[in-house]
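Novice: Dropping a structure here in structure tokens format, bear with me for questions.
The values are calculated or read from the model by the stated rules, or taken from the named source; none is laboratory data. This structure is a prediction, so every number in the text was calculated from the model and none was measured. Every residue, glycine as well, gets a Cβ built from its backbone with ideal geometry; the counts of neighbours run over all protein chains shown. Note: accessible area is taken over every heavy atom of the protein model, side chains too, but ligands, DNA and RNA are not part of it. Shrake-Rupley method; radii C 1.70, N 1.55, O 1.52, S 1.80 Å.
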Amino acid sequence: MFERVEIEAGVDGFVADILLTSSKSGARMLLEIAVTHPCEKAKISSGLPIVEINIQSENAVNRLRDGIDAASSHVLSHNLPGPDAAPHLCATPCPATGLAVLLYENGKAWYSELEIGTQNAEQTLSDPRLSAHEIVDVQFGHQTRPWKTVREHLGVFMIRQAFEQGRPVRSCLICRNNRGRVNDHDIYCVAKTSKVWMSSSGISCTDYDPAGDGDEAWLILRRLGGC
């Protein structure tokens with residue numbers, strides 16, 4: 001919709017943090033990054049379409065890796081038209097699948113590919129041992145997601161839970177002893193000098209040494225590589 005991007009651009013007497021414009025329709029949208037101060041009331045009252053993104057820390061920047069969701073508690077929308085009603089695409093059973101990223105009370109973080117609306121999906125998400133969960137990457141059909149896609153979504157989720165929400169996460173995926181993936185289930189642990197289950201070995205590990213912040217966690221996650 002917008003093919004032009006300008007940083008700190010002037011628009012109708014205001015300065016946009018990021019200004020998106022369309023040369024075809026003339027449409028404009030302002031992306032405002034709220035770090036220490038929220039968007040000015042005068043700018044909101046101007047009628048300009050604005051998406052305001054609340055970023056309070058370096059770690060919070062990581063949520064931008066997964067896109068900007070207008071329904072998120074960290075995002076405010078001003079002067080945007082309501083979306084058109086989406087067509088009803090689901091039949092019974094619904095052909096949509098989603099990637100469920102899961103965090104359990106014991107700190108285990110993992111994922112499950114779910115068929116949306118099925119009894120199996122409801123059972124997975126209603127597990128009383130869960131402390132947090134999200135459904136991401138919803139798509140139609142039953143394609144198996146490559147490991148790289150799973151890793152990216154799981155990484156965003158774990159970092160948000162650990163460093164923004166303050167929930168305990170004990171995962172080999174963000175442990176400093178992780179030296180890369182051995183196969184689809186194992187990583188090599190330098191503390192154990194052997195391969196370990198990447199999904200659950202960190203839960204009770206005495207050598208667990210987690211990343212200190214989100215940036216370090218991303219560096220460790222990238223050691224997993226591949227798809």
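Novice: Say each of Thr36 and Leu64 gets a label point 7 Å from the Cα, pointing the same way as Cα to Cβ; how far apart are those two points in nm?
Specialist: In this crude label model, Thr36 to Leu64 measures out at 1.8 nm.
Novice: Out of all Cα-Cα pairs in segment 1-86, roughly what percent, to the nearest whole number, are more than 17 Å apart?
Specialist: When all Cα pairs of segment 1-86 are counted, 50 percent exceed 17 Å.
Novice: I would also like to ask the following. Starting from the eigenvalues of the Cα gyration tensor, five times each then square-rooted, give me the equivalent ellipsoid semi-axes of segment 109-227, largest first, whole Å.
Specialist: The equivalent ellipsoid of segment 109-227 has semi-axes of 25, 17, 14 Å.
Novice: Oh, and also: Rg and Dmax of segment 9-58, Cα atoms, in Å?
Specialist: My reading of the Cα-based Rg and Dmax gives 11.4, 37 Å.
Novice: While we're looking at this one, here's another question. On the first, second and third principal axes, largest extent first, how far apart are the outermost C-alpha atoms of the chain in Å?
Specialist: Principal axes ranked by extent give 62, 45, 32 Å for the Cα atoms.
Novice: Label Ser112 and Ser45 with points 7 Å out from Cα along Cα→Cβ: what is the distance between them in nm?
Specialist: 5.1 nm
Novice: Between Ala132 and Met1, what length comes free when the chain is fully extended (0.36 nm per residue of separation minus the Cα-Cα distance, one decimal in nm)?
Specialist: Full extension of this stretch gives 43.8 nm more.
Novice: Determine, for the chain, the count of lysine pairs separated by eight or more sequence positions (or lying on different chains) whose alpha-carbon distance falls under 23 Å.
Specialist: Final tally of qualifying lysine pairs is 4.
Novice: Here's a follow-up. Rounded to the nearest 5, what % of DSSP beta bridges with both residues in the chain are antiparallel?
Specialist: 90 percent
Novice: Return the whole-Å distance between the Cα centroid of segment 208-227 and the Cα centroid of segment 109-172.
Specialist: Each part's Cα centre sits 17 Å from the other's.
Novice: Turning to a different aspect of this structure: Per the Debye formula with a single identical scatterer at each Cα and no solvent contribution, what log10 I(q)/I(0) holds for segment 164-227 at q = 0.18, 0.20 Å⁻¹?
Specialist: So the normalised log intensities work out to -0.58, -0.71.
Novice: So how tilted is helix 147-163 from the main axis of the chain? Cα-based, degrees 0 to 90, rounded to 10.
Specialist: Helix 147-163 sits roughly 80 degrees off the main axis of the chain.
Novice: At 1.4 Å probe size, with the rest of the protein present, what percent of the exposed accessible area of the chain is carbon and sulfur atoms?
Specialist: Values: 6680 of 12830 Å².
Looking at the chain in its full context, I get 52 percent from C and S.
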